[in-house]
1. Run down G124, G76 and say which single residue is surrounded by fewer than 18 Cβ atoms within 10 Å (Cβ to Cβ), in a helix (DSSP H, G or I) and over 20 Å from the mean Cα position of the chain (by Cα).
2. Which of the residues spanning the range 129-139 are surrounded by fewer than 22 Cβ atoms within 10 Å (Cβ to Cβ) and either more than 20 Å from G100 (Cα to Cα) or not basic (K, R) (or both)?
3. Which pairs have Cβ atoms under 7 Å, sit 6 or more apart or on different chains, and link a residue in the range 280-302 that is over 26 Å from I129 (Cβ atoms) to one that is of a type in the set (D, E) and surrounded by fewer than 22 Cβ atoms within 10 Å (Cβ to Cβ)?
4. Limited to the range 183-209, what total is found for residues that are assigned to a strand (DSSP E or B) and either in contact with a Lys or Arg (Cβ under 9 Å, 6 or more places away or on another chain) or not hydrophobic (A, V, I, L, M, F, W, C) (or both)?
5. Take the residues in the range 213-230 that are over 18 Å from A264 (Cβ atoms) and either in a loop (DSSP other than H, G, I, E, B) or of a type in the set (S, T, Y) (or both), then tell me which one is nearest to the chain's Cα centre (by Cα).
6. State which residue pairs qualify: first residue over 27 Å from G188 (Cβ atoms) and inside the range 95-114, second residue among the hydrophobic types (A, V, I, L, M, F, W, C) and in a strand (DSSP E or B) in any location, beta carbons under 8 Å apart, and separation of 6 or more residues or different chains.
7. Return only the number of the condition from (1) modelled with pLDDT under 95; (2) closer than 13 Å to D227 by Cα; (3) among the polar types (S, T, N, Q) that T285 does not satisfy.
8. Among what's in the range 209-240 and is more than 16 Å from L36 (Cα to Cα) and among the aliphatic types (A, V, I, L, M), pick the residue that is surrounded by the fewest Cβ atoms within 10 Å (Cβ to Cβ).
Amino acid sequence: MAVLAALILVFVSVLYVSKHSQKDNKATAASGTVTLTSKSDWQLGINVNTDLSNPSPDGGDIGINLSSLAKLDLLGIYNANHASVVATADQLNVVNAIDGDSNSVWAPCTNGPCTLNTWTIDLGSTYTISKLRTLQTAVAGYAAQLSINGTDFTTLCNAGNQSPSWNECPLSPVQPARYIRLSGGVCGFAGCGGMVRELEAYKAGVFATHTSASTQLDGTSTFQHWDSFVPDATIPANSSIAFRFRTSPDSTTWSSWSVSIPYAASISLSGLSQQRYLQVESTLTSTDGVANPALHAYTANYTRDSTCDGFSHLTIS
């Protein structure tokens, strides 16, 4: 009976395959899609400096957390190049204004009358500055100024507290700058002057990245190839969104990331290594620290083998 049952199974299988082959001599394929669009979708992935608090009609957006602050390493800039910090006086002690020690001071004039003095650091690159802090002890304090070219400075923080307490200076809107200058110390009577204990600068969080979870974009067990990637976003002026892609046969071992591809209505995935799992890295950028792009959703389209879709089961008794 067992032999007879096996022969019947083989015969029925041959008939099934023959029937479907006659119906369509070409390989049978079907399209599939995977879409991420909700806040819960985005939360499953890896988020770096993202803002998921703004709901969209589709359920959730990815934006940039522009309120995040990243402290600039002013001491590191100085240590890499001592010429990056210059002052009109007390040049030997310029590092004291950024060394993290509130007991050390830059003191160009402490026994007045005192004329104008400045302390300037070249950051080496242009940053979007979101906040400045100064710690001073002075009768005549120092204002904090910013410049892109090192010549034209704008005062953004007045001298502020002259006791040894922090003068907080958040910038709204944020400001692009390569140079930070402390300027002041002017006083006209004997014994006047001022000392700067510390200066801190913070840059705006102008980048955000989201990486989909390893199994979110699954081409299924009958996967054949990835076809296209269709994002949906709002991208205002002075902002951008770009994507990178990679694939895996098992959601553990991954190919190399593709090159970064700027946002487009549809992006071809035909050049990827064609493996079952797809991972997407989305990078959102604000070039002015104010404009904030919003990624609403994206869909990955793929092709799979549908030959056995209509085959349910055989019962042999």
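1. None of the other options fit; the residue is G76.
2. Selection gives L135, T137, V139.
3. So the pair list comes out as H296/D58; H296/D232; A297/D58; A297/D232; Y298/D232; N301/D227; Y302/D227.
4. The number of residues fulfilling the criteria is 12.
5. A213
6. Partner pairs satisfying both residue conditions: V95/V85; I98/V85; I98/I121; I98/L199; S102/L135.
7. Result: T285 fails condition (2) only.
8. So, considering only residues that are more than 16 Å from L36 (Cα to Cα) and among the aliphatic types (A, V, I, L, M), the one surrounded by the fewest Cβ atoms within 10 Å (Cβ to Cβ) is A237.
The values are calculated or read from the model by the stated rules, or taken from the named source; none is laboratory data. Predicted model only: the values in this text are computed from it and were never measured. Here the Cβ is made from the backbone with ideal geometry for all residues, glycine too, and neighbour counts use every protein chain on show.
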